[in-house]
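The values are calculated or read from the model by the stated rules, or taken from the named source; none is laboratory data. Worth saying up front: this structure is predicted, and the values here are computed from it rather than measured. Neighbour counts are summed over all protein chains in view; Cβ atoms, including those assigned to glycine, are modelled from backbone coordinates with ideal geometry.
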Amino acid sequence: MIPHSDILKGAEKYMRVRKNDVHIPISYSYAMKLTESYPEADKDVVGAAIILHDIGWYSIDEDDIFKKGFQSKNFMKSDVRYLHESEGMRLGAEVLKELGYDEEFIEKVCYIIDGHDTRDFARSLEDKIVRDADKLWRFTVTGVSVACDWFKQTPSTYCNRLETDIIPLLDLPESKEMATADLAETRTTLCTDIL
């Protein structure tokens, strides 16, 4: 298998949008931690999928990303959410083909990217890991600092939202433990009990 660092480098040109050059490496770190608890998971599929899952945002106007993808009433089912998934599959397949991956591997990765935000369920263990890792970065100081602006909320309000709305969406018990621990540390660091 080609090292994940090569996939990361191959996708770099698509990552500056929406702070994905910050979001994706942090999410990748969580995904690799989760694979340690699930050695039966295909680590290469997980690594490629988490690196490529959000590069489709590159193809969407940044104003639309924030207005329709984060601030509209039903933002999780907005057209731009579906579009970033389909564009992520297209761009991800291109990156993997350029690196010499075979069609079977590319299909496995794209199967996860397709619907990773808009689907209400995970299709496989690898999908659970990617979906959870995609959410877990939000619980870090960096994640809260970035995402609270996307949702036009204070860090304190956003942390409360993470606890009530996002932790219940996590599939794996290890993910829930990580989220709870990271959220407590982030709240302390950002003084959300005061600010």
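Residues that are among the charged types (D, E, K, R) and buried (at least 18 other Cβ atoms within 10 Å of the Cβ), at least 2 per element: which helices (runs of 4 or more DSSP H) completely within region 80-161 meet that? Please lay out each step first, then the result.
Working: elements: 103-113, 125-136, 141-150, 155-161.
In region 80-161, 125-136 are the helices (runs of 4 or more DSSP H) which contain 2 or more residues that are among the charged types (D, E, K, R) and buried (at least 18 other Cβ atoms within 10 Å of the Cβ).
Under the condition of being assigned to a helix (DSSP H, G or I) and of a type in the set (D, E), which residue from region 27-58 is nearest to V141 (Cα to Cα)?
The initial filter retains those residues of region 27-58 that are assigned to a helix (DSSP H, G or I), namely 27-37, 43-52, 55-58.
If we keep only those that are of a type in the set (D, E) as well, we get 36, 44.
Working: E36: 24, D44: 28 Å.
Filtering first and then ranking leaves E36.
So is A184 assigned to a helix (DSSP H, G or I), out of contact with any Gly (no Cβ under 9 Å at 6 or more places or on another chain) and either at pLDDT 95 or above or among the acidic types (D, E) (or both) or not? Before the answer, list the steps.
Numbers: assigned to a helix (DSSP H, G or I): yes; out of contact with any Gly (no Cβ under 9 Å at 6 or more places or on another chain): yes; either at pLDDT 95 or above or among the acidic types (D, E) (or both): yes.
Here the answer is yes, as A184 does meet what is asked.
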- Message: For region 131-160: of the residues being among the small types (G, A, S) and under 20 Å from P25 (Cβ atoms), which is farthest from the chain's Cα centre (by Cα)?
- Response: S145
- Hey, can you tell me all the residues within region 1-21 that are surrounded by 14 or more Cβ atoms within 10 Å (Cβ to Cβ) and without any contact (Cβ under 8 Å) to a residue 12 or more places away in the chain? E12, D21
- Query: Only one of these conditions is not met by K68: (1) over 16 Å from M15 (Cβ atoms); (2) at pLDDT 70 or above; (3) crowded, with 17+ Cβ neighbours inside 10 Å. Which number is it?
  - Reply: (2)
- Item | Filtered residue count, region 102-126, keeping only those that are farther than 20 Å from Y58 by Cβ and either touching a residue at least 40 places away in the same chain (Cβ under 8 Å) or over 14 Å from the mean Cα position of the chain (by Cα) (or both) | 14
- Message: I'm trying to understand the selection: among the residues of region 19-55, which are farther than 18 Å from C148 by Cβ and either modelled with pLDDT under 95 or of a type in the set (S, T, Y) (or both)?
- Response: Y28, S29, Y30, T35, S37, Y38
- Message: Looking at region 178-195, I want the residues that are in contact (Cβ under 8 Å) with a residue 60 or more places away in the chain and have a partner that is surrounded by fewer than 19 Cβ atoms within 10 Å (Cβ to Cβ) with Cβ atoms under 8 Å, at least 6 apart or on another chain. Which pairs are those?
- Response: M178/K33
